[in-house]
Amino acid sequence: MRTASPVVVWIMLLILLALSVAASFVFSGMIGLTVALTVASVKSALVFWRYMHLREVSGLLRIAALGALFWVFVLLAFVTADYLTRGLA
Amino acid sequence: MAERVHEPYSAPDQQREAEMMGMYIFLASETMLFSGLFLVALYLRLEHAPDVVAASRQMHYVIGAANTALLLTSSLLVALSVEAARQGRARPAVLATAILLGLGFLALKAVEYRMEYAEGILPLPGAAREFPSPARHAFMNLYLIATTLHAVHLSIGIGLLATLAVRLLRGTLPLPERSIVMMNAGLYWHLVDVIWIFLYPVFYLAR
């Protein structure tokens with residue numbers, strides 16, 4: 001029973017992989033990019049939560065593990081702020 | 001059963017937390033390393049969308065999907081062997097299967113590189129290649145750099161897991177006392193998997 005859960009997560013990951021391949025043929029452009037990155041984020045969240053032990057560690061360790069996400073967001077958002085807001089000018 | 005507690009820690013839980021935190025912070029630095037490459041990918045996509053889509057359509061997305069499935073399955077096996085280790089059971093065969101899947105990933109990647117080389121879209125020095133636009137050349141440069149850097153990380157992961165599999169076989173890794181070694185090697189393996197989870201849609205599925 002204790003080993004059932006990683007297998008369930010693995011099945012979900014494979015379903016999400018199939019979903020992202022299928023979605024790439026349905027959606028294109030910015031919507032396609034958003035869908036692809038959202039599915040990838042859900043897959044990563046599953047891996048982090050179950051396989052990388054985030055579900056069982058303290059809040060401090062979760063911050064240590066996920067802190068980089070915040071900095072990646074700052075990097076991506078600030079560098080692309082110009083490109084993403086051109087339509088608003 | 002109880003883990004040996006070293007200075008400066010006062011309790012096994014505290015020591016284990018510190019050992020995991022060190023690994024999480026190292027993995028955060030790995031995330032930042034790859035995020036620079038993802039930043040370039042995002043810039044290319046925003047500034048040269050038609051070129052990126054055209055270049056991505058040339059990629060062998062079925063091979064990429066098969067490789068993703070190989071890595072996801074290897075992650076499951078690593079997670080299972082780590083879980084067993086924490087309960088005091090050594091599972092070298094499960095770990096060895098994960099290593100084989102990792103090697104399978106590298107073999108498939110090599111086959112794919114060879115196909116791209118033959119198609120003239122792999123920007124290796126000295127390779128015959130023709131790119132319709134500088135942006136498509138840049139996209140393939142980024143693809144080659146990002147996937148090679150990932151393959152280097154995967155190779156390191158294979159080395160880590162192989163070392164642990166040997167220690168499990170020889171019985172030189174006391175379990176569950178030293179299961180933290182398995183956990184941290186597993187964390188590294190899973191992060192390399194997560195990086196591929198993002199590399200795959202960014203390079204293969206842009207349409």
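Karplus-derived 3J(HN,Hα) values for segment B:190-207, using 6.51 cos²θ - 1.76 cosθ + 1.60 with θ = phi - 60°, are 5, 5, 4, 5, 4, 4, 5, 4, 8, 4, 4, x, 5, 9, 9, 10, 6, 9 Hz; glycine and proline are entered as x. Membrane-span-like helices in chain A, defined purely by DSSP H runs whose alpha carbon atoms cover 20 Å or more axially and whose average Kyte-Doolittle hydropathy reaches 1.6, are A:4-26, A:59-84.
Ignoring ligands, DNA and RNA, what percent of the accessible area of chain B is carbon or sulfur (1.4 Å)? Please list the in-between numbers first.
Values: 5650 of 8720 Å².
Ligands and nucleic acids excluded, carbon and sulfur give 65 percent.
For the set A:74, B:166, A:47, solvent exposure ranked by accessible area (probe 1.4 Å, protein chains only) runs largest to smallest as B:166, A:74, A:47.
Of the trypsin sites (Lys or Arg not before Pro) in segment A:11-66, the ones in a loop by DSSP (not H, G, I, E or B) with at most 13 other beta carbons within 10 Å are A:55.
How many Å² of accessible area per residue for segment B:59-207, probe 1.4 Å? If you can, show how the numbers build up before the last one.
On the way: 5510 Å² over 149 residues.
With the other protein chains kept in place, segment B:59-207 gives 37 Å² per residue.
At an R0 of 25 angstrom, the distance between the Cβ atoms of residue A:84 and residue A:26 translates into a FRET efficiency of 0.60.
Sort out the exposed loop GluC sites (Glu not before Pro) in chain B (DSSP loop, at most 16 other Cβ within 10 Å) and tell me the longest stretch that has none. Kindly include the intermediate steps, with their values, before the conclusion.
Working: sites that count: B:130, B:177.
Longest site-free region, per DSSP loop and neighbour criteria: B:1-129.
Against chain B, whose longest principal axis comes from its Cα atoms, helix B:61-86 is set at around 10 degrees.
Round to the nearest 0.05 the FRET efficiency obtained for residue B:144 and residue A:11 when R0 = 30 Å and r is the Cβ-Cβ distance.
0.35
For the protein assembly as shown, the equivalent ellipsoid derived from the alpha-carbon gyration tensor has semi-axes of 36, 22, 17 Å in decreasing order.
To the nearest hundred square angstrom, how large is the accessible surface buried between A and B, total for both chains, probe 1.4 angstrom?
Values: alone 7260 and 10780 Å², together 13950 Å².
Summed over both sides, the interface buries about 4100 Å².
A dipole drawn for chain B from +1 and -1 charges on Cβ atoms has a positive end, and of B:188, B:22, B:102 the residue lying farthest that way is B:102. A Gaussian network model of chain B, with springs between Cα atoms under 10 Å, assigns the largest mean-square fluctuation among B:144, B:168, B:124 to B:124.
Ordered from largest to smallest accessible area (heavy atoms of protein chains, 1.4 Å probe), the residues B:143, A:83 come out as A:83, B:143.
The listed residues B:173, A:60, once ranked by accessible area (1.4 Å probe) with the largest placed first, stand as A:60, B:173. Of the residues in segment B:35-52, those shielded by at least 30 Å² of accessible area once partner protein chains are present, compared with the chain alone at a 1.4 Å probe, are B:35, B:39, B:42, B:43, B:45, B:46, B:47.
Built from the Cα atoms of segment B:16-204, the convex hull projects on average onto 11.1 nm², one quarter of its surface area. Taking the Cα centre of the protein assembly as shown as origin and assigning +1 to Lys and Arg Cβ atoms and -1 to Asp and Glu Cβ atoms, the resulting dipole is close to 520 debye. For segment A:1-56, the convex hull spanned by the alpha carbon atoms encloses 58 Å³ per residue.
Angle of helix B:134-170 to the longest C-alpha principal axis of chain B, folded into 0 to 90 degrees and rounded to 10: 20°. For segment B:16-204, the relative contact order works out to 35 percent when only alpha carbon pairs closer than 8 Å and six or more residues apart are counted. Lys/Arg Cβ at +1, Asp/Glu Cβ at -1, dipole of the protein assembly as shown taken about the Cα centre: which of A:7, A:71, B:138 is farthest positive-ward? Positive-end residue among those listed: A:7.
For chain B, what is the mean residue ellipticity at 222 nm derived from helices alone (per DSSP H run of n ≥ 4: -39500 (n - 2.57); sum divided by total residues; nearest 500 deg cm²/dmol)? Result for chain B, helices only: -28000 deg cm²/dmol. To the nearest 10, the accessible area of residue B:26 is 90 Å² with a 1.4 Å probe.
The values are calculated or read from the model by the stated rules, or taken from the named source; none is laboratory data. Worth saying up front: this structure is predicted, and the values here are computed from it rather than measured. Reconstructed Cβ throughout: ideal geometry from the backbone, glycine too, with neighbour counts over all protein chains shown. For accessibility, only protein heavy atoms count, side chains too; no ligands or nucleic acids. Shrake-Rupley method; radii C 1.70, N 1.55, O 1.52, S 1.80 Å.
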